[in-house]
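> Mind looking over this structure? Questions follow.
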Amino acid sequence: MPTSNIIKVAIISDLHAVQCNKDEHKNTFLTTAIPEVDCQKHPISGLCKLIKNENLTADLVICCGDLGDQADPGGIRYGWKQVKRVQRELKASVLTTTSGNHDVDSRSKYNSDPWYTLKNLQPPFPSPKQALKNSFWSNYWFSNNHNGVRIVNLNSSAFHSNKFQSKHGFVTEELIAQLRERLESEAPGLINILVCHHHPQRHMELRLGAHDDMVNGQLLLDLLGNSKYGDWLVVHGHKHHPKITYASGGANSPVVFSAGSVSAKIFPDLGVRNQFHIIEFPIKRISELGLVGTFRTWEWTYNRPWDAARTGSGLPFIGGFGIREYRLLASRIKKVASRRSFISWQEVERKLPEVNYLLPRDLKSLLDVLKSDHALNSFLNEFGMPRQIGK
Amino acid sequence: MSKNTEPAPSPFDSFNARALSPEIVARRFIPSVHFEVLSRRAHTQVIGPRGSGKTSLLKMLQTAALEAWDHPKAQGFRDKIDFTGVFVPTDVGWNEQLNSIGEGFLEESHRKRLGDAAFIAHVHHALVKAMVCRVSRYKQQSKYHHRRVTISEKIESHIVKGIATAWNIESSIPSLISLKHSLRMRIADIWTFAQAEEFLPLGQRQRRFHAQGFFKPELMSSIASAVEMFNDGINDSEGRWAFLFDELELAPERIIKQIRDSIRSIDDRILFKLSLSPFSSQQLQAKSPLSASSGNDFQTIQLWYTHKREGYPFCSELLKGMLQDKNLQETDPEKIFGSSIFQGIDDESDEIKPYEAGSFQHRLLVKMAKSDRSFKQYVESRKIDLSRIGDLKESNRASLIRKIIPTLIVREAYRTRDSLRKSGVKQLKIRSRKLPKIYSGIPSIYALTEGNPRWLIGIASNLLDARINSSKVSSTAQETEFLLAAERFISMLRIIPCTDGPEGGRLTDVLDKIGEFIFKSVVLDEFSPQPYGELSVDRSCPQSLVNALGIALNSGAIVYIPPNKNTGTITDLRGKTFRLSYLLSPYYGIPIRKGEKISLSRIMNLSQSLDIKSVSSGDWKQLLMRL
């Protein structure tokens, strides 16, 4: 069991670092040419400044891959250095990083071994523990337990060594069978997190396409959705489009968290910004309610400091996950607000803490139901969170 | 926007309080005597040039500022201020937007209606914001409270429903914070409505205007009814509310007229505190809210110091606060910036410095008597025995010696010994000193910055930040910074035209002539115990020049010397007396003191014959360096 009341997990993804002599690069804001002292232009230095100013900490840091861009060895090494730097700033004892498609030299441009750069990173990638490292490169996954949190690190870019496979993520049926065997043999963790680079479920809004879905991703999610293996959070990168949903399946289907990119240049049509997230797991609540949690998101634009995410730039500053019955909650809120002119959302949170664990889209649905079914209006603060509800 | 309401240029605009929250303003606020007056329960107009602290003063009357203010005198003010401040910014950008509503496609009458509706919505938003600040449920825990009230949700709901009905607005939730949000949306709706009208048929415009709820409320009656509803809700029926209009001269004239017309009739629960620039056009002045109500009880606060010493205590406290903010161990400004060469010999000083042989004063007098022929004549004509000035009666010493010392210091700094040409014609030489070490130290820093907090903060910040391995700021660094500040100021003023002025040139051409003339009077001419230092604007001055000087006045480049205290804004500079800002003294090489008065037209006429005119051509600094 975790020893603290709250487990904090920071997510940093898709750095796309490159080694070059110019500040400007078509794919990324993170180049070795930008001085690290420039906290406005260097996205990771800016992030470190935010961490310091806001006194942010984490128990665990997750990086969903794409340390570098187009397999640039210098970029991968620089990206790895920056990830370790963020880990240090957050005072996190554990770092889980997986491999992204941009970290694989699938065209053998720099070395005949597509994973040469990753395999030779210092400190060792993805883990300093030799057994875990071996498992990652031979089985393409490993499982580890940190203070009651079970983490599976899955290499969805494992088959990127040829031209066809490099276009999408892949998890083999053999790997899923191996994982099932492991899950059968272990007691489920209170918190279970699977980290991979590619999206295990279709993620094609905003013309993002379906060409790069993780092959067999749905089988993987179905496995994790089996209640006897515990409640799961799947964290992935790749799309640069921050989003949080429940996977298809039953009531126990995994929460799927698509992390934003911290420093890649994002296709403008996506309408999102570079984002960084911290998830908080309330241990006591999880014992009562199952896997619930909240997250906070910060956003970055070039030449500006990191700041709390505004609505419309990806994931909101504050959100949650784990409670799926928003209609039931709406009825309970109505009782709390009855015979009152208005009530602050803080009071609702105090009396019905479950509202904190609604997905942003479910919170919106809840407010819609409050209005349509119970004649309760709401107005939101600058971060899109309710401030008061009333008639 | 007319030329007279154009914003005057200001150096150090980054220190403008306009963009700062009340809490941030409160963090550094030093209460001056002006704040004492402003905090009284009376209609008040605050008049001052740019940077003189008008916005900070008004912002400090808000509940949020008073509650965040931590100062030995703060509690006294919190206890004393028995009204709620409603701050209404009337800044330039906002006013430009207001004026541009429907420009080019709407009739004037419709544009006015839209502009008025936007202004009224803006005032309503400010009023509800002030109400929110009073209600405990919306406040975080804080050390200090000012006029906080605790009301039930039911009462708040009742107040909001009443106000929303009176203002013809819907609030999704009957709470003050939701009403505030709705008013913000109303302001946006007005812009959207105006923009949409461009593409809609003209024929049904009247009907569409009539259907809009935001045209219904009238400014004064709507705020009076809202104030009454809130007061009744909190059981304080006589509670007072002060509407703090910043830079009111930028507001639409019809709004100013509305306020003026309302002042006499409005109930005494509503106060007006306005900030204005010193110079407003005749038309604006005629419509100025307070000028027309001379019989009413209103006060005028003049934010510039006719006598420089009046500003010293405020400057000293402000500078001490800055030193504390920078966590310096030494918080005595004089120990960091040194003392001024004028310290203790100023003609306004009560201190008597020793004049015995060997003293600074004695050495200066003797030196100048040797090198400056006209000064020697002055000494001889008044039968002054320089070896015995220490024995003179105080009254004689004050009239004969002490008052001329500042002039002599400047004269000595810029002149070399008188010499003769071969032809026998006397030829004057000017020292080529760039930095004569007369514009540094305490209290010269206070005088040079005119008690203008933005100037003092800007210059002192630069000086303190530039220190390297030293706790002190050298006099050279200070003079360089003051010269740079003056040059920045001059280059900002350079864009102001005076098209049909004496030379059809720029405002700075006129300022240069004034500065050069005073320099000539102080340094180049025969020694005079009272050289020129003030100017009066003649009746015959062309309007464009007067307008340009009006902008100079509003920006602080020239300073009005009123015949009496607190004379309010002025509509016409003609017949009035001014001096150049002391901030420009290092630029022109003139003393930080007043002088004899001369008319502007005489300066213009005489400057035609100045030898230095031909070479200066508006760049006096260049002249000094070349000479």
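The values are calculated or read from the model by the stated rules, or taken from the named source; none is laboratory data. Computed from a prediction, not measured in an experiment: that's the story for all the values here. Positions of Cβ are backbone-derived with ideal geometry, glycine not excepted, and every protein chain shown enters the neighbour counts.
> Restricting the stretch B:584-611 to residues that are part of a helix (DSSP H, G or I) and in contact with a helix residue (DSSP H, G or I) (Cβ under 6 Å, 6 or more places away or on another chain), which is modelled with the highest pLDDT?
If we take residues in the stretch B:584-611 being part of a helix (DSSP H, G or I) and in contact with a helix residue (DSSP H, G or I) (Cβ under 6 Å, 6 or more places away or on another chain), then B:L584 is modelled with the highest pLDDT.
> Can you tell me which of B:F199, B:F214, B:F243 is part of a helix (DSSP H, G or I) and more than 14 Å from chain A (Cβ to nearest Cβ)?
Only one candidate qualifies: B:F214.
> Restricted to the stretch B:75-100, and to residues that are β-branched (V, I, T) and surrounded by 19 or more Cβ atoms within 10 Å (Cβ to Cβ), which residue is modelled with the lowest pLDDT?
Here the answer is B:T90.
> Now a separate question. Given the options A:A264, A:A247, A:A251, name the one that is surrounded by 23 or more Cβ atoms within 10 Å (Cβ to Cβ) and either assigned by TED's automatic domain parsing to the domain that holds A:L223 or more than 24 Å from A:A309 (Cβ to Cβ) (or both).
Every option except A:A264 fails the conditions.
> So A:V256 fits all but one of (1) surrounded by 21 or more Cβ atoms within 10 Å (Cβ to Cβ); (2) part of a loop (DSSP other than H, G, I, E, B); (3) among the β-branched types (V, I, T); what number is the exception?
It is condition (2) that A:V256 fails.
> Can you work out which of the residues in the stretch B:371-411 that are of a type in the set (D, E, K, R) and touching a residue at least 12 places away in the same chain (Cβ under 8 Å) is nearest to B:V523 (Cα to Cα)?
B:R411
> Inspect the stretch B:165-172 for any residue being touching a residue at least 60 places away in the same chain (Cβ under 8 Å) and either among the hydroxyl-bearing types (S, T, Y) or buried (at least 20 other Cβ atoms within 10 Å of the Cβ) (or both) and give the result as yes or no.
Taking every residue of the stretch B:165-172 in turn, none turns out to be touching a residue at least 60 places away in the same chain (Cβ under 8 Å) and either among the hydroxyl-bearing types (S, T, Y) or buried (at least 20 other Cβ atoms within 10 Å of the Cβ) (or both).
> Filter the stretch A:162-200 down to residues that are at pLDDT 85 or above and either over 19 Å from A:H238 (Cβ atoms) or touching a His at 6+ places or on another chain (Cβ under 9 Å) (or both), then give me how many there are.
Total meeting the criteria: 27.
> Here's something else I'd like to know. Cβ-Cβ below 7 Å, separation at least six or inter-chain, first residue in the stretch B:138-151 and surrounded by 12 or more Cβ atoms within 10 Å (Cβ to Cβ), second at pLDDT below 90 and of a type in the set (D, E, K, R): which pairs?
B:R148/B:K139
> All but one of (1) modelled with pLDDT under 90; (2) closer than 28 Å to B:T569 by Cα; (3) among the acidic types (D, E) hold for B:E103, so report the exception by its number.
Condition not satisfied by B:E103: (2).
> Could you check the stretch A:95-124 and list, in sequence order, the residues that are surrounded by 14 or more Cβ atoms within 10 Å (Cβ to Cβ) and hydroxyl-bearing (S, T, Y)?
Listed by number, the residues that qualify are A:T96, A:T97, A:T98, A:S99, A:S106, A:Y110, A:Y116, A:T117.
> Read through the list (1) of a type in the set (S, T, Y); (2) under 18 Å from the mean Cα position of the chain (by Cα); (3) within 14 Å of chain B (Cβ to nearest Cβ), then give the number of the only condition that A:S313 fails.
Here A:S313 clears every test but (3).
> Just to be sure I understand the filter: pairs with C-beta atoms under 6 Å, separated by 6 or more residues or on different chains, first member in the stretch B:59-86 and touching a residue at least 60 places away in the same chain (Cβ under 8 Å), second member β-branched (V, I, T). Which pairs pass?
B:K59/B:V25
> Checking B:R137 against (1) under 28 Å from B:T165 (Cα atoms); (2) of a type outside the set (G, A, S); (3) at pLDDT 95 or above, only one condition comes out false. Which one?
Result: B:R137 fails condition (3) only.
> Let me ask something else about it. Which ones in the stretch A:381-391 are of a type outside the set (S, T, N, Q), under 24 Å from A:L315 (Cβ atoms) and facing another protein chain (nearest Cβ under 9 Å)?
Within the stretch A:381-391, the subset of a type outside the set (S, T, N, Q) is A:382-387, A:389-391.
From what is left, the residues that are under 24 Å from A:L315 (Cβ atoms) are A:382-387, A:389.
If the condition is that a residue be of a type outside the set (S, T, N, Q), under 24 Å from A:L315 (Cβ atoms) and facing another protein chain (nearest Cβ under 9 Å), then A:R387, A:I389 are the ones that fit.
> Still on this structure: What number of residues within the stretch B:38-61 are among the charged types (D, E, K, R) and more than 16 Å from the chain's Cα centre (by Cα)? Break it down stepwise before answering.
We begin by selecting, within the stretch B:38-61, every residue among the charged types (D, E, K, R); these are B:40-41, B:50, B:54, B:59.
Still in the list and also more than 16 Å from the chain's Cα centre (by Cα): B:40-41.
So the count comes out to 2.
> Looking only at the stretch A:328-358, filter to residues that are among the aliphatic types (A, V, I, L, M) and surrounded by fewer than 20 Cβ atoms within 10 Å (Cβ to Cβ); which one of those is nearest to the other protein chains (Cβ to nearest Cβ)? Break it down stepwise before answering.
Applying the first criterion (among the aliphatic types (A, V, I, L, M)) to the stretch A:328-358 yields A:328-330, A:333, A:336-337, A:343, A:348, A:352, A:355, A:358.
Retained after the next criterion (residues that are surrounded by fewer than 20 Cβ atoms within 10 Å (Cβ to Cβ)): A:328, A:336, A:352.
On the way: A:L328: 23, A:V336: 13, A:L352: 18 Å.
Out of the qualifying residues, it is A:V336.
Condition check ((1) assigned to a helix (DSSP H, G or I); (2) over 18 Å from A:V235 (Cα atoms); (3) without any contact (Cβ under 8 Å) to a residue 40 or more places away in the chain) across all residues:
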{"residue": "A:S45", "(1), (2), (3)": "yes, yes, yes"}
{"residue": "A:N55", "(1), (2), (3)": "no, yes, yes"}
{"residue": "A:G74", "(1), (2), (3)": "yes, yes, no"}
{"residue": "A:G79", "(1), (2), (3)": "yes, yes, no"}
{"residue": "A:Q82", "(1), (2), (3)": "yes, yes, no"}
{"residue": "A:E89", "(1), (2), (3)": "yes, yes, no"}
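For every residue, the table says whether it meets (1) within 24 Å of the chain's Cα centre (by Cα); (2) among the aliphatic types (A, V, I, L, M).
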{"position": "A:G319", "(1), (2)": "yes, no"}
{"position": "A:G322", "(1), (2)": "yes, no"}
{"position": "A:R361", "(1), (2)": "yes, no"}
{"position": "A:L367", "(1), (2)": "no, yes"}
{"position": "A:S372", "(1), (2)": "no, no"}
{"position": "A:N377", "(1), (2)": "no, no"}
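> Tell me whether the stretch B:341-360 contains one or more residues that are assigned to a helix (DSSP H, G or I) and modelled with pLDDT of 80 or more.
No, the stretch B:341-360 contains no residue that is assigned to a helix (DSSP H, G or I) and modelled with pLDDT of 80 or more.
> Given the conditions (1) within 13 Å of another protein chain (Cβ to nearest Cβ); (2) touching a Gly at 6+ places or on another chain (Cβ under 9 Å), and given that A:L367 satisfies all but one, which numbered condition is not satisfied?
(2)
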